[in-house]
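Novice: There's a structure below that I have some questions on.
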Amino acid sequence: MPELPEVETTLRGIRPHLEGRRIEQLVVREPRLRLPIPPDLPALVGGRAILGLSRRAKYLLIEIETGTLILHLGMSGSLRVLPTGSPPGKHDHLDLALSDGRCLRLRDPRRFGLFVWTPDPPEIAEARHPLLKDLGPEPLGQEFDGEHLYRASRGRRVAVKSFVMDGGVVVGVGNIYANESLFLAGIHPSRPSHRVGSERYGRLARSIRAVLADAIAQGGTSLRDFVQEDGNPGYFAQSLKVYGRAGKSCPGCGEPVRQRRIGQRSSFYCPRCQR
Ligand SMILES: [Zn+2]
């Protein structure tokens, strides 16, 4: 599944090819995504200039003259920039044909992705749109720190791992990143969130930033793939310390890494290093 680092890498990969271009045409081959693409969308966006691209959580926001396209890659979506007229594959559901003879193409085999439009500019959409308005702070932004986690966790008995994966608390901490950052911070994933102190939340916030920044840095090496026809854009393997390593030695102490389910998600931790 595309996680926040893949979405950030996608943003950086496609932005230079879209900003300042005009949308010639939106070609929809399959409107049935997680929400259906409205039939009038091609008429709303055709001929409009693309003013800028940004990201909020795992949503890509494409600002055009008359509003904002909100795009989500769902479970299996990916974006590439190709010459307009490249033969589409079975799962290439839409093309945003651009004024320079290329197109932005969405491939999404499982069709959990989203492609919706709002007449609001991105700043207003972020504050008001139902998909965006209740999202917590960006993990790499200024508002996110240990103090934020500490305050938000008071009175909450949910496991700290589920707590940091709650998009209303902080966005973009997917399962892999939650496991890895809790390991780095030395916090047991099933500890109740109200029983983690402010100093340890400070360590956890720094770990979350470090793990995500590291993943984004590694993703940068795959940027060239965004303009290759058969490239596999944006998805990259990271060196992981505990995730997926049940039974293998903890890199900190050598104890076997354990696995258990917390809030329906696979959780990996070291029973000695994490408390
Ligand atoms: Zn250990």
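The values are calculated or read from the model by the stated rules, or taken from the named source; none is laboratory data. Bear in mind the structure is a predicted one, so any value in this text is a computation, not a measurement. We place every Cβ from the backbone using ideal geometry, glycine too, and count neighbours over all the protein chains shown. Side chains included, ligands, DNA and RNA excluded: accessible areas come from the protein's heavy atoms. Shrake-Rupley method; radii C 1.70, N 1.55, O 1.52, S 1.80 Å.
Novice: All but one of (1) part of a helix (DSSP H, G or I); (2) at pLDDT below 95; (3) buried (at least 18 other Cβ atoms within 10 Å of the Cβ) hold for Ala217, so report the exception by its number.
Specialist: Single failed check for Ala217: (3).
Novice: Taking segment 27-44 on its own, how many of its residues are open to solvent by 60 Å² or more (accessible area, probe 1.4 Å) and either free of Cβ contacts under 8 Å to residues at least 12 places away in the same chain or in a loop (DSSP other than H, G, I, E, B) (or both)?
Specialist: Residues flagged as open to solvent by 60 Å² or more (accessible area, probe 1.4 Å) and either free of Cβ contacts under 8 Å to residues at least 12 places away in the same chain or in a loop (DSSP other than H, G, I, E, B) (or both) within segment 27-44 amount to 7.
Novice: Could you go through segment 92-111 and let me know if any residue there is among the hydroxyl-bearing types (Ser, Thr, Tyr) and either within 18 Å of Leu18 (Cα to Cα) or without any contact (Cβ under 8 Å) to a residue 40 or more places away in the chain (or both). Reasoning before the result, please.
Specialist: Here is the first cut: in segment 92-111, the ones among the hydroxyl-bearing types (Ser, Thr, Tyr) are 99.
Restricting the remaining residues to those that are either within 18 Å of Leu18 (Cα to Cα) or without any contact (Cβ under 8 Å) to a residue 40 or more places away in the chain (or both) gives 99.
Yes - at least one qualifying residue is present in segment 92-111.
Novice: Return yes or no: is Ser76 at pLDDT below 95, out of contact with any helix residue (DSSP H, G or I) (no Cβ under 7 Å at 6 or more places or on another chain) and open to solvent by 10 Å² or more (accessible area, probe 1.4 Å)?
Specialist: Values: at pLDDT below 95: yes; out of contact with any helix residue (DSSP H, G or I) (no Cβ under 7 Å at 6 or more places or on another chain): yes; open to solvent by 10 Å² or more (accessible area, probe 1.4 Å): yes.
Yes: the conditions hold for Ser76.
Novice: Mind checking which pairs have a first residue in segment 258-275 that is away from the ligand (no atom under 16 Å from the Cβ) and a second that is open to solvent by 30 Å² or more (accessible area, probe 1.4 Å) and assigned to a loop (DSSP other than H, G, I, E, B), Cβ under 7 Å, 6 or more apart or different chains?
Specialist: Listed by first residue and then by second, the contacts come to Ile262/Ser190.
Novice: Can you find a residue that is more than 19 Å from the chain's Cα centre (by Cα), modelled with pLDDT of 95 or more and either within 16 Å of the ligand (Cβ to nearest atom) or in the same structural domain as Arg55 (by TED's automatic domain parsing) (or both) anywhere in segment 195-202? Show your work before the answer.
Specialist: Residues of segment 195-202 more than 19 Å from the chain's Cα centre (by Cα): 195-202.
Subset that is modelled with pLDDT of 95 or more: 195-202.
Checking which are either within 16 Å of the ligand (Cβ to nearest atom) or in the same structural domain as Arg55 (by TED's automatic domain parsing) (or both) leaves us with none.
No, the conditions are met nowhere in segment 195-202.
Novice: Continuing with the same structure: Could you list, in sequence order, all residues of segment 246-271 that are open to solvent by 60 Å² or more (accessible area, probe 1.4 Å), within 15 Å of Ser162 (Cα to Cα) and part of a loop (DSSP other than H, G, I, E, B)?
Specialist: Within segment 246-271, Gln264 is the sole residue that qualifies.
Novice: Considering each of Ala246, Ala178 in turn, give the residue that is farther than 29 Å from Arg56 by Cα, modelled with pLDDT of 95 or more, more than 13 Å from the ligand (Cβ to nearest atom) and not polar (S, T, N, Q).
Specialist: Working: Ala178 fails: farther than 29 Å from Arg56 by Cα.
Ala246 is the lone residue from the list that is farther than 29 Å from Arg56 by Cα, modelled with pLDDT of 95 or more, more than 13 Å from the ligand (Cβ to nearest atom) and not polar (S, T, N, Q).
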